């Protein structure tokens, strides 16, 4: 990422001849200086292809504000049937963090945020337990305790949406938040809710996956960061990684090592997200690193 | 692995106090010099534990041949309710290799064998296609073409078992052999048939797994080396590894990268096997690396 | 690691026949139940070998306290010319953390400590800057600001040693502490001061290593956790790991990714240390994972 | 890589506004369909930047042969002060392989070539030993035995250059070729000779690096694939990777594991090279994967 202020244009559209020329020709004509650019053509099962791009333009190379760029670029985007957006590096993403009791992901995000490595605002932490209030408040982040019980789920999730809206969060990170978000919550923030969960080769369904992995004698355990959709743990994959284990590792060791890989993968996935590096098409991501 | 001739004692038994003392005390009393030793206690779901050990003893430190060691050790093993065996490093494992059309694993095994990195005999290669005969015969390895068709499966697999028996193979490696061995074949060589297959996070069932992985946008692809049991691809896992991919990789790239990880993981698994490093208990391995 | 209280015996001695039998025979005779054991014979350049062992014994399986075990085992250890010690899992290691301005390692250690993943006492944090006081004090850990200037180095390091002594720390972790400890400080705590530093292939000497690595176009950056000796960054290596980079990563990206790998490797190295898994012989470690 | 025939344009030039627009605008105007494109701006120490690009154009989308594309594109390239070339996927790279006695890299390259994974011609293998003739000739590849002795080095290397020229090789791969090429040989094929060598953290200079790494107790060993320059092992790095080791690995184990990582890294580096994915600027590569 660059130090100068820049705009990040991300777009996808049906593939055809001349897309890059059209878009970069427009930018050049406006005087825009491209800092970084990535393009990808994804072959589709039907024989066609879909085109993805991400372009960083130095803000001071354009003679007008972003609103004017949007106005001028709109006809080209329309002509190319583009799904597009442009973000300003000077406007930080506002990331609401949902947690339960486990602190490993939260601490890791806080450390990266304090180090200015994650250049975000954290307008709130929301939890269904009251155990991580202290560390949040010490960091000056408002902590909202929203307990979830079988009888109050509808109200609880409504309250949580209210908090997200009132704090103007544009992104929600489930940092080991152990409740399942209802479908309407997921649908309200498409490709804006990130989750982290354990992954194994092979996969294990059902309860106590680390116990299952231990019983099966797997040699690797992993984690997947994905966007949340109504279908549990089946949303577009942003990032994955694994760590090696062996027979001497107990179930407790697996859970401990799982935490390490979870926080690392979540932090990478969130970074890609806030830098507008993740483009989604159907259930698949293109991540321009 | 050591250069001197040595015996490798592998054993497992119910855990209790004093097992190591009993076994190593016996070895010391006989004059045996231990080169390498590994021990592991595996907690069982029922609250008990099972004990695993692997001990390398310098051959020239014992004043008698292996047969006498076996005779003297037997009462101790019986007393400890041990499942045990002892192998002689001077007796090479005889590894039959089953292949189909893909050559990547076969070439890799041949190269390691030529380099004396895999210290084995290869008494035969068996294939359901006649395409890899040349490279085998050039290496002086008898090649047996046993085609498999729907109507001849029983005879074909019987013929393959005959070849394994006649060539005195003690281990079978499925080096991308694309036929499913029948249950009786699997049962005839428990923990002596190694297979390699692709693995993903999450897992994909059904045909064309690389196409499924590509469509799902996974970020890692992997391979698992396991012992073959009657239940397809569900036998004890010996070794696993993964390789990173991204959106720019086509299905063909995934298949190519999959080959790399397959041959690497198979070679590692086979090494652990021929060095008697893999102990199996139920469906789980202990691998003393 | 186990839940029950246990004693960890670590020892090394010249290799000879019967060491395991002698030691485990003694333990068995006393009624000791071995939970976990590891042995390693390291060939020496002179043709001999040195023997290393680590044995966990359930505390409640011995009919007397640790002091009595020490008394009874001493003659055997003397006979084998052993360098040995035995630790009690009920006595937590006391880890003093030295930091400068960077918070990534400190946060990571705090998170693991809060999660009871690192089962240690943190009696003090010492820093040559006053910037990380808040997070320490919030966690209830005394923070000692000991500035270092060219004219006061002797007094400053004396003060730091006084703090280590007064807080009864048995281990010092340099969590990105950016001052070089003087030789007498290093000598006072042999194999008890852990450091983390960046590593590259190839290595770069001199200032600004990340800039050098970037200029050289390396594809991996890494970190090494080692015990501190008087020779800078040349002490026994406890743990290492790397992370992949490419041309699109700026120097700032390298430094950020370097932090990730640093904190991970430091946490692993510290875990091995506090669980008495690291045995040192000369300038080389044996790490019984 | 794509199945259709395509042209690969690679270029670098001083960075300025409008480069992509200019190049892709030209391609679009000629009717060219871009399959894949990558761009990178590399900040230079002097404050400027250098621009790199790689563009794959479908051959059948251009109404004329490559020679005409070259003619028409030349003025634009000249105007941008470009260093550029364009390759035809239908023209296979001709790769001469130099070997000594070790076969692991050669076997691996042969297996990939047989599997059509490496889509190259291998016009010759050259060796200073006569031990790998058989496997080469069995594959139908001419084998040239050019022994190197202190008194005949000049003639030997001249002979080797003659073989490279006569077989029209455009690339030379040092597949564990254990002689140092003289500076004029290196200079004759800039960025066209690939070497693979071991790498460690930290680096070790002098003889027997695996012995040094073992003595130092390193926890990772690696390999680097680089272009050969007159300065030994200091040319532009194409690819690197590492593998984990521990105290139980002997020097022989290290050497064996080193081979695995060497052949993997060499194969990756060669693939990047033959697909024109490696651009070199000064002593640094940009690798568009």
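The values are calculated or read from the model by the stated rules, or taken from the named source; none is laboratory data. Here the structure is a predicted model, which means the values were calculated and not measured. Virtual Cβ from ideal backbone geometry, glycine too; neighbours counted across all protein chains shown.
When you check residue A:80 against the structure, is it within 14 Å of another protein chain (Cβ to nearest Cβ), touching a strand residue (DSSP E or B) at 6+ places or on another chain (Cβ under 8 Å) and surrounded by 15 or more Cβ atoms within 10 Å (Cβ to Cβ), yes or no? Working first, answer last.
Numbers: within 14 Å of another protein chain (Cβ to nearest Cβ): yes; touching a strand residue (DSSP E or B) at 6+ places or on another chain (Cβ under 8 Å): yes; surrounded by 15 or more Cβ atoms within 10 Å (Cβ to Cβ): yes.
Spelling it out, residue A:80 is indeed within 14 Å of another protein chain (Cβ to nearest Cβ), touching a strand residue (DSSP E or B) at 6+ places or on another chain (Cβ under 8 Å) and surrounded by 15 or more Cβ atoms within 10 Å (Cβ to Cβ).
Return yes or no: is residue D:281 at pLDDT below 95 and either buried (at least 20 other Cβ atoms within 10 Å of the Cβ) or more than 30 Å from residue C:277 (Cβ to Cβ) (or both)? Lay out the reasoning, then the answer.
Working: at pLDDT below 95: yes; either buried (at least 20 other Cβ atoms within 10 Å of the Cβ) or more than 30 Å from residue C:277 (Cβ to Cβ) (or both): yes.
Yes: the conditions hold for residue D:281.
Within region D:8-35, count every residue that is within 26 Å of the chain's Cα centre (by Cα) and surrounded by fewer than 18 Cβ atoms within 10 Å (Cβ to Cβ).
Number satisfying all stated conditions: 1.
For residue C:213, are the conditions met, namely being in contact with a strand residue (DSSP E or B) (Cβ under 9 Å, 6 or more places away or on another chain) and either without any contact (Cβ under 8 Å) to a residue 60 or more places away in the chain or assigned to a helix (DSSP H, G or I) (or both)? Even if it seems obvious, please write down each step before you answer.
On the way: in contact with a strand residue (DSSP E or B) (Cβ under 9 Å, 6 or more places away or on another chain): yes; either without any contact (Cβ under 8 Å) to a residue 60 or more places away in the chain or assigned to a helix (DSSP H, G or I) (or both): yes.
Taking the combined requirement at face value, the residue satisfies it.
For the structure I just gave you, tell me whether residue C:91 is closer than 21 Å to residue C:192 by Cα, touching a helix residue (DSSP H, G or I) at 6+ places or on another chain (Cβ under 7 Å) and away from chain A (no Cβ under 14 Å). Before the answer, list the steps.
Working: closer than 21 Å to residue C:192 by Cα: yes; touching a helix residue (DSSP H, G or I) at 6+ places or on another chain (Cβ under 7 Å): no; away from chain A (no Cβ under 14 Å): yes.
No; evaluated as a whole, the condition is false for this residue.
Determine, yes or no, whether residue A:256 is within 26 Å of residue A:92 (Cα to Cα) and either free of Cβ contacts under 8 Å to residues at least 24 places away in the same chain or not assigned by TED's automatic domain parsing to the domain that holds residue A:84 (or both). Walk me through it before giving the result.
Values: within 26 Å of residue A:92 (Cα to Cα): no; either free of Cβ contacts under 8 Å to residues at least 24 places away in the same chain or not assigned by TED's automatic domain parsing to the domain that holds residue A:84 (or both): yes.
So residue A:256 fails the test.
Which of the residues that make up region D:37-60 are more than 7 Å from every other protein chain (Cβ to nearest Cβ), at pLDDT 95 or above and either under 19 Å from residue D:87 (Cβ atoms) or assigned to a loop (DSSP other than H, G, I, E, B) (or both)?
Result: D:38, D:52, D:53, D:54, D:55, D:56, D:57, D:58, D:59, D:60.
Any idea how many residues of region A:74-87 are over 23 Å from residue A:109 (Cβ atoms) and not in a helix (DSSP H, G or I)? Please lay out each step first, then the result.
So in region A:74-87, the residues over 23 Å from residue A:109 (Cβ atoms) come out as A:74-86.
Next, only the ones that are not in a helix (DSSP H, G or I) stay: A:80-86.
Number satisfying all stated conditions: 7.
Among the candidates C:174, C:220, which residue alone is in contact with a strand residue (DSSP E or B) (Cβ under 7 Å, 6 or more places away or on another chain) and farther than 30 Å from residue D:234 by Cβ?
Working: C:220 fails: farther than 30 Å from residue D:234 by Cβ.
C:174 is the lone residue from the list that is in contact with a strand residue (DSSP E or B) (Cβ under 7 Å, 6 or more places away or on another chain) and farther than 30 Å from residue D:234 by Cβ.
Among the residues of region B:245-260, how many are surrounded by fewer than 22 Cβ atoms within 10 Å (Cβ to Cβ), more than 8 Å from every other protein chain (Cβ to nearest Cβ) and within 17 Å of residue B:105 (Cα to Cα)?
Number of matching residues: 3.
Check whether at least one residue in region C:211-222 is surrounded by fewer than 22 Cβ atoms within 10 Å (Cβ to Cβ), within 22 Å of residue C:285 (Cβ to Cβ) and out of contact with any helix residue (DSSP H, G or I) (no Cβ under 7 Å at 6 or more places or on another chain), and report yes or no.
The answer is no; no qualifying residue exists.
Matching residues to (1) surrounded by fewer than 18 Cβ atoms within 10 Å (Cβ to Cβ); (2) over 11 Å from the mean Cα position of the chain (by Cα); (3) closer than 16 Å to residue D:224 by Cα:
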residue: D:160; (1), (2), (3): no, yes, no
residue: D:169; (1), (2), (3): no, yes, no
residue: D:178; (1), (2), (3): yes, yes, yes
residue: D:184; (1), (2), (3): yes, yes, no
residue: D:190; (1), (2), (3): yes, no, no
residue: D:200; (1), (2), (3): no, yes, yes
residue: D:203; (1), (2), (3): no, yes, yes
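Would you point out the residue of region A:101-136, among those that are within 14 Å of another protein chain (Cβ to nearest Cβ) and in contact with a strand residue (DSSP E or B) (Cβ under 6 Å, 6 or more places away or on another chain), that is surrounded by the fewest Cβ atoms within 10 Å (Cβ to Cβ)? Spell out the reasoning first.
The first filter runs over region A:101-136 and keeps only residues within 14 Å of another protein chain (Cβ to nearest Cβ), leaving A:101-119, A:131-136.
Filter again for in contact with a strand residue (DSSP E or B) (Cβ under 6 Å, 6 or more places away or on another chain), leaving A:106, A:132-133, A:136.
Values: A:106: 25, A:132: 22, A:133: 15, A:136: 21.
Going through the qualifying residues, I end up with A:133.
Here is a check on your reading of the model: is residue D:73 more than 10 Å from chain A (Cβ to nearest Cβ) and either surrounded by 15 or more Cβ atoms within 10 Å (Cβ to Cβ) or modelled with pLDDT under 95 (or both)?
Numbers: more than 10 Å from chain A (Cβ to nearest Cβ): yes; either surrounded by 15 or more Cβ atoms within 10 Å (Cβ to Cβ) or modelled with pLDDT under 95 (or both): yes.
Yes; evaluated as a whole, the condition is true for this residue.
Read through the list (1) more than 24 Å from residue C:14 (Cα to Cα); (2) in contact with a strand residue (DSSP E or B) (Cβ under 7 Å, 6 or more places away or on another chain); (3) surrounded by fewer than 18 Cβ atoms within 10 Å (Cβ to Cβ); (4) within 12 Å of another protein chain (Cβ to nearest Cβ), then give the number of the only condition that residue C:66 fails.
Going through the list (1) more than 24 Å from residue C:14 (Cα to Cα); (2) in contact with a strand residue (DSSP E or B) (Cβ under 7 Å, 6 or more places away or on another chain); (3) surrounded by fewer than 18 Cβ atoms within 10 Å (Cβ to Cβ); (4) within 12 Å of another protein chain (Cβ to nearest Cβ), residue C:66 breaks only (4).
Is at least one residue of region A:98-114 more than 21 Å from the chain's Cα centre (by Cα) and on the phi > 0 side of the Ramachandran plot?
Kept after step one, since they are more than 21 Å from the chain's Cα centre (by Cα), are these residues of region A:98-114: A:101.
Those still in the list that are on the phi > 0 side of the Ramachandran plot too: none.
There is no residue in region A:98-114 that is more than 21 Å from the chain's Cα centre (by Cα) and on the phi > 0 side of the Ramachandran plot.
Checking residue A:18 against (1) touching a strand residue (DSSP E or B) at 6+ places or on another chain (Cβ under 8 Å); (2) under 23 Å from residue D:29 (Cβ atoms); (3) within 11 Å of chain D (Cβ to nearest Cβ), which test does it fail?
Residue A:18 satisfies every listed condition except (1).
Would you call residue D:90 exposed (fewer than 14 other Cβ atoms within 10 Å of the Cβ) and either in the same structural domain as residue D:12 (by TED's automatic domain parsing) or assigned to a loop (DSSP other than H, G, I, E, B) (or both)? Reasoning before the result, please.
Numbers: exposed (fewer than 14 other Cβ atoms within 10 Å of the Cβ): yes; either in the same structural domain as residue D:12 (by TED's automatic domain parsing) or assigned to a loop (DSSP other than H, G, I, E, B) (or both): yes.
In short, yes.
Taking region A:225-244 on its own, how many of its residues are touching a residue at least 12 places away in the same chain (Cβ under 8 Å) and more than 10 Å from chain B (Cβ to nearest Cβ)?
7
I need the full set of residues from region D:4-18 which are in a loop (DSSP other than H, G, I, E, B) and under 18 Å from residue D:59 (Cβ atoms), in order please.
First, pick out the residues of region D:4-18 that are in a loop (DSSP other than H, G, I, E, B): D:4-5, D:15-18.
The answer is D:4, D:5.
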